[in-house]
Each structure stands twice: as structure tokens, then as C-alpha cells.
1. Could you check, for the range 291-306, whether at least one of its residues is assigned by TED's automatic domain parsing to the domain that holds L230, touching a Leu at 6+ places or on another chain (Cβ under 8 Å) and modelled with pLDDT under 50?
2. Does A226 qualify as being more than 16 Å from T292 (Cα to Cα) and either of a type in the set (K, R) or surrounded by 12 or more Cβ atoms within 10 Å (Cβ to Cβ) (or both)?
3. Filter the range 281-299 down to residues that are surrounded by 15 or more Cβ atoms within 10 Å (Cβ to Cβ) and among the hydroxyl-bearing types (S, T, Y) and give me whichever is nearest to the chain's Cα centre (by Cα).
4. Taking the stated definitions as given, is Y160 modelled with pLDDT under 95 and either out of contact with any helix residue (DSSP H, G or I) (no Cβ under 6 Å at 6 or more places or on another chain) or not in a strand (DSSP E or B) (or both)?
5. I need a count of the residues in the range 155-195 that are without any contact (Cβ under 8 Å) to a residue 60 or more places away in the chain and crowded, with 20+ Cβ neighbours inside 10 Å.
Amino acid sequence: MRKSKPWLASILALQILFSAGLYWRHAHTAQGESTQILFNFEQKKISRVVISDGNSTATLNKLDQKWVLSDLQQLPVNKNKLTDFLDKLTQLKTGWPVATTKDSHLRFEVANDKFRRHVQLYRDNDLIGEFFVGSSPSFRKGHFRHANDNTIYTVALSSYELPVDNRQWLDTALLSAKDVTVIKGADFSLRKSTNKWHFDLTEENVNTSNRTLEIDEEKVSKLVSALTSLRILGLAKTNAPFTNESPFKILDVTGTSNWRYELLEQDEKYYVRRNDIDTLFTLRKSDYELLTNMELVHLSKQNKAENPELSTAKSSANPIQVKAIARN
């Protein structure tokens, strides 16, 4: 009898492991069978998204096939961020519910009067999707409930991914220039032809009757890149920095449109505005310096010692820092 006990113990252990395996397989299969898509809509038919935390609200509207922030001067939405969000919604799947009663809504923060996020999706004026995102059980997970259902799920979406500050949905590249072919500063003019940049020189900036200035391609490339990759930090709190007495720097740029960039540094803060958008924005110091520290003497390979013309041009040209002028 004593010798048989180890064998009996081994058989019992195997039975327990076998039973546990069957249970896990059944549970896993059942959960897989219970998985379902949470949303069924065509992204192109969504025309408005409203996200609220009960105190603040972000409203994204599609106008003339362009997404704008209706509560933020109709400024453009970061389209990639919005597309990623809508893509994620269409891919959300459920598992087993974590709760199915109305009494549980408050506990998981998906109640009508207590939630982390309340999201509404519209097609024109028709509400076609509405849900709540609540507390987070783990990283990038959130408790989820359809507005017309008591069932609560855990999904791969957290309230952190749904900002209610309109500025966090703003397209920070809205001032970047496209297909730049001409750049004019106070003492230089650059033009691109046959995929190469050259000085578009006139008597106003430098006399080149006896000399052709050689362009510094690396410096010009940095200037062009600063324009085409320009990113704003946000909106200025006030337009006060720009007044008729405020000195600012100007760049006239031709690309897919004609733009005038006006840049100002004041109290170690850096501002930019463009003639087609009546809003003042803030930007990084490094971007400001790249755009404003380029003059003819910097964009040419010849230095002042080798080219007296550059010295003459710099002293006779209109300074790049000029008084504010009336905007068109």
C-alpha cells in the first residue's frame, strides 16, 4: 500500500492538470465565440465627432470635405490623428462583459452622469454612435459602454486617447509651406527652377553686374526645410505682441499659394502668423531662428571679405527687422 501512494498522487495530479486544460480551452473558445465588433459604420459618412469629459468638449466638424475645429476658429483638425481614432473604433472588439447591470455604471465610471469620456458620432444631424469610456483596468485599456446598453466591456481604448481640449486636435502643420519655389527676405530673393535654387537678384539687394554670387545650397536647404516642416506649438493667448509699433520679420513665400510670414520675438517668446489665417501662433525658438537668421550674407558662399558687394548690400538693403505694416 505504501508503495502505491506515490503513483496515486501522480495520477491525481495528472487528472487535475487535464481538467484545468479542458476548462481553459473551453473558456478561451467561448470567449473567442463571444467576441464581436462594437461599431459598424463607414468613416466617410461621419461628419461630426463630439468628445466630452463633463467639463470640456472637443467638437470636430467636417465642412466641405475638410475637418475643422468649430470651437477653435474653424482651424484644421489633425487629419491623421482623427483617422487613427476612427480606425481604432471600427476595430474595437468585445470579450466577456465585466458587468451587465445599471447599478455597475457608476463603479466603472460609464454612467450618464459620471464618466471619463462621452463620445458622440454624427452623420449630418443624425446621431449614429454614442458611448462612454470609463476607468482604466490596465495600460491603454478602458471600460466601455454603449449609451443605450447596460453591458460594460473592457476594450483597447482609454480616455487618455480622447482629448477634450480642441487644441490637442489641432493640425500643428497648418502653416507649413508646400512646393516652395520663391522665398524673399529683406535683402535676398531665392527662386527655384529646374530643381535648383539660385539668387533672383535685383538692384534693390545687390549689384551683380560684374559678379555672380554662388549660393550656399546647404543653408538654402535648411531654410526651405524650416518652411516646409514648420510646426506651431499652439495659439497665442493674445494678439497683443503684434502692434503697429512692434518690429517683426517678414518672409514672402510662393508655393501652392502666396504667403507672407510675419515673425516676432518678445520676452523670450516666439510668434508667427500668416496672411491667410487671421490667428497668432507660438513656435519653437529653433524654428524662429532658422526662419529669421537667414540673410544674403548667410545664404551665399562668399564672405564679406571676398565679396565687398555683400557688405554693401547688407548695409544698403532694407533691414530684415521692420516695423509692422498693414496686412492685406
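1. Scanning the range 291-306, I find at least one residue that is assigned by TED's automatic domain parsing to the domain that holds L230, touching a Leu at 6+ places or on another chain (Cβ under 8 Å) and modelled with pLDDT under 50, so the answer is yes.
2. Working: more than 16 Å from T292 (Cα to Cα): no; either of a type in the set (K, R) or surrounded by 12 or more Cβ atoms within 10 Å (Cβ to Cβ) (or both): yes.
No.
3. Only one residue tops the list, namely T282.
4. Values: modelled with pLDDT under 95: yes; either out of contact with any helix residue (DSSP H, G or I) (no Cβ under 6 Å at 6 or more places or on another chain) or not in a strand (DSSP E or B) (or both): yes.
Yes, satisfied.
5. 1
One line per residue, one yes/no per condition, for (1) at pLDDT 90 or above; (2) in contact with a helix residue (DSSP H, G or I) (Cβ under 7 Å, 6 or more places away or on another chain); (3) among the hydrophobic types (A, V, I, L, M, F, W, C); (4) buried (at least 19 other Cβ atoms within 10 Å of the Cβ):
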{"position": "A240", "(1), (2), (3), (4)": "no, no, yes, no"}
{"position": "R260", "(1), (2), (3), (4)": "yes, no, no, no"}
{"position": "N275", "(1), (2), (3), (4)": "yes, no, no, no"}
{"position": "T279", "(1), (2), (3), (4)": "yes, no, no, no"}
{"position": "P308", "(1), (2), (3), (4)": "no, no, no, no"}
{"position": "S311", "(1), (2), (3), (4)": "no, no, no, no"}
{"position": "N318", "(1), (2), (3), (4)": "no, no, no, no"}
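The values are calculated or read from the model by the stated rules, or taken from the named source; none is laboratory data. Only a predicted model underlies this, so the values are computations on that prediction, with no experimental measurement involved. Every residue, glycine among them, receives a Cβ derived from its backbone with ideal geometry; neighbour counts consider all protein chains shown.
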